[in-house]
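The structure appears right after this line, and notes come after that.
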Amino acid sequence: MASRPDHPPAVTRRAAATGGLAAFALAACGGSGGRVLLSSDTHPAGYPTVEAVQEMGRLLFERTDGRLGVRVYAGGQLGSERDTLEITSFGGLDLNRVFMSPLNAIEPDTTIPSLPFLFASRDHMRRALDGAPGRAILDTLEKHGLIGLCYYDSGERSFYNTKRPILSPEDLKGLKIRTPNSDLSVEMINATGANATPMDLGEVYQSLVQGVIDGAENNWPSFESGRHFEVAPYYSLTRHVMTPEVLLMSRARWDKLTSADRDIVMACAQESVPFMRRLWDERVEASRNRLLAAGVKENEVTDREAFVRLMQPIYARFVTTPFQKRIVSEIEGMAS
Ligand code: GTR
């Protein structure tokens, strides 16, 4: 490998879908025997998830004396999370950093970390996902051609909209709220009285501008980086879920690695987690401060219990198998 893989040439979605990426990756190594692992991210360069995967690549490059590296295609260049996930599970893309929700359609057990009010705090979430329950959930992806390397933080999600502050579920009634493409997300939002409208993150800004939707729900950094705050200035702190991000490797690529290289890849991914969390915590605070200064109106919800009550039936709908029940109770048991 001649140099650090920093500046990706443009690759079309079509090329990705047809497996062109794999051939491209080999060519990018210049025949020196090294390999650049290609990775996708919906967020732009500089976002903590993008930086974390680049850090993982830096460690990998170092530990393999340049045999392996990572190139991140940021800003959704390779397509939506849903599309790139499909490509990854077929082996057309080596790595993929996605939100957990689009995985729900592939593997129902991945809905667990998106259950409303499951985590009592940020530390509880980190402990549970870094521990046995988190690993057990990632392992369910292997049969779908995906290896779960690690979780990254995505913080608490809250509602924002173009119309008014949300103080209680009453205020959400009838509002069209965008959700990620996941049945659980749709049912959870509908349970509040809002009308859930699933769509990809990349479509949200335009849909807010055109009035196709009245609002959405997300963390501060995504609210900022997608510029949604420009159109939807009311941010109401429901903090209803802490769905994480996840870094995946295509199983096709994983299976081709030697077992020593697998250990290195896994270790580098794990070591990028504290790096990511440092950036994440800083970013949440910085985004919030910037947006408040820009005129965003933040409010605490007065009746958070009402949201908890309305969303509670989601558990009976989505926690049905013995595995799901066990993992949920293990996670609940880890709250302190
Ligand atoms: C963000 C997450 C993205 C994206 C998004 C969404 O917080 O970082 O990967 O999936 O949420 O709402 O779709």
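Nothing in this text is a laboratory measurement; each read-out follows from the coordinates by a stated rule. These figures come from a predicted structure and were not determined experimentally. Here Cβ is always computed from backbone atoms with ideal geometry, including for glycine, and neighbour counts include all displayed protein chains.
Remarks
- Note on LYS256: aspartates and glutamates with a C-alpha under 13 Å away, same-chain residues under 8 apart excluded, are ASP94.
- Qualifying lysines (Cα of each under 29 Å from Cα of LYS325; at least 8 residues distant if same chain): LYS143
- Charge tally for HIS240 (other residues, Cβ to Cβ under 10 Å; Lys, Arg +1; Asp, Glu -1): +1.
- For the pair ARG262 and ARG122 in one chain, pulling the backbone fully straight at 0.36 nm per residue adds 47.5 nm over the alpha carbon distance.
- Placing a label point 7 Å from the Cα of GLU107 along the Cα-to-Cβ line, the residues of the range 241-279 whose backbone N sits under 15 Å from it are 244-255.
- Debye intensity ratio I(q)/I(0), log10, the chain, q values 0.08, 0.11 Å⁻¹ (C-alpha model): -0.37, -0.70
- Hydrodynamic estimate: the Kirkwood radius of the range 42-175 over Cα pairs, inserted into Stokes-Einstein at 4 °C and 1.567 mPa s, corresponds to D of 76 µm²/s.
- Treating r as the C-beta distance of VAL209 and ALA306 and R0 as 35 Å, the FRET efficiency rounds to 0.70.
- Note on LYS173: lysines with a C-alpha under 24 Å away, same-chain residues under 8 apart excluded, are LYS163, LYS297.
- Using a Förster distance of 22 Å, the FRET efficiency for LEU167-LEU292 (Cβ separation, nearest 0.05): 0.75
- D_trans [Stokes-Einstein, Kirkwood Rh over alpha-carbon pairs] for the range 182-239, 37 °C, 0.692 mPa s, µm² s⁻¹: 274 µm²/s
- Shape summary: the range 266-324 maps onto an equivalent ellipsoid whose semi-axes, from the alpha-carbon gyration tensor, are 30, 27, 7 Å in decreasing order.
- Cα gyration tensor category, rounded, prolate or oblate, for the range 152-302 with a/c compared to 1.5: prolate
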